[in-house]
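In what follows, a structure is listed as structure tokens, so that the remarks can point back to it.
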């Protein structure tokens, strides 16, 4: 059934609703045909998709995006991406000046900032919360980790809610939804726009006084809608559990059949390429796109040591049930020559957790299928990308030829150097601290 087009919003009393419509239309994310295809009740009732979405579907968190609509929206951000990236790099370079110390007004005010993360969510959301917490403390700002069971009456100047698509929908987090539009609330979105989880949290995100987003492109789209959005991709922090060597991996089930699992290894003391015992490492949840890519890589298992942890995506990796899962990821990455990144789908969202935390930060070379541009890291310099069809040939060349090994080694070193400089947390937080000060009117 064809989409019925724009909603009819008569009369001045519909002004707020009409403004909401205009904001969402500017994003380019809402696809009426997708909405009708996904929502059988709307389709059967012959309702206008826009009208139903604005009156009901938005608040209900119904699916309204598709790969195609998101791709079109991303394409429209492309002309402005270079300028947005330039502005970020300019601010980042300024933050690296030793005479500059962002966040002075927050420190003078003795601002207290709480970072909330669901105890029931995926473990990598806690990584984001931990790193933001450590980064703020590194700037001398009072920061505190909290969760959905924390005291609502505790006083903070700013509350940051990590992964709102989880926090406000799991367990006791539902009772916190009233905080979303508070003047001191910040929502940190880390979800991809084509997913049902993004659609679920969308109505909350557009109400928030400030949105942080792990994707510069998504932040651009939010800003186009009139939201106050700032790009924040967690930066490297030295001497943390996420960046320190893990000499002992004998407890990790995945590698218990390998001799190297019982040998102590500190990659920062032995940083030669041949010291890394894993040739190729992939850890991820199962998707059709990855199924096809991994099928093409099956022959590599005969040529190299390919360690692969591939799981069904039926349940999230929660901290309670999979406490060692995150630790396993970066501990193995420290022993890998290549960390393989395969995008969830053909949109190629820059997957920070796998590419940065488990790749660049651990001194591994990241090899990936083509994806969206990133503000900090560039393909061909800090990582290597190739179409899934030709990934096996690239990996063979990198692992089995002298020229390839040289390229592999130089790329991984360039990625680590970038992570510890322009990709550092000190740099990443500079525009965020400025946004926090503006939020408080400092």
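Just a few scattered comments:
- Any hit, the range 96-103, residues being in contact (Cβ under 8 Å) with a residue 40 or more places away in the chain and in a helix (DSSP H, G or I): no
- Single condition residue 114 does not satisfy, out of (1) touching a residue at least 24 places away in the same chain (Cβ under 8 Å); (2) part of a helix (DSSP H, G or I): (2)
- Single unsatisfied condition, residue 106 versus (1) surrounded by 21 or more Cβ atoms within 10 Å (Cβ to Cβ); (2) at pLDDT below 90; (3) farther than 21 Å from residue 189 by Cα: (2)
- Total residues in the range 251-282, condition modelled with pLDDT of 90 or more and either loosely packed, with under 13 Cβ neighbours inside 10 Å or not assigned by TED's automatic domain parsing to the domain that holds residue 391 (or both): 8
- Filtered residues of the range 417-441 (kept if in contact (Cβ under 8 Å) with a residue 12 or more places away in the chain and either part of a loop (DSSP other than H, G, I, E, B) or at positive phi (or both)): 421, 422, 423, 440
- Test: residue in the range 329-344 that is more than 19 Å from residue 266 (Cα to Cα), part of a strand (DSSP E or B) and modelled with pLDDT under 80: no
- Check on residue 233, assigned to a loop (DSSP other than H, G, I, E, B) and crowded, with 19+ Cβ neighbours inside 10 Å: yes
The values are calculated or read from the model by the stated rules, or taken from the named source; none is laboratory data. Source: prediction; values computed, not measured. Neighbour counts run over all protein chains shown; Cβ positions are idealised from the backbone, glycine included.
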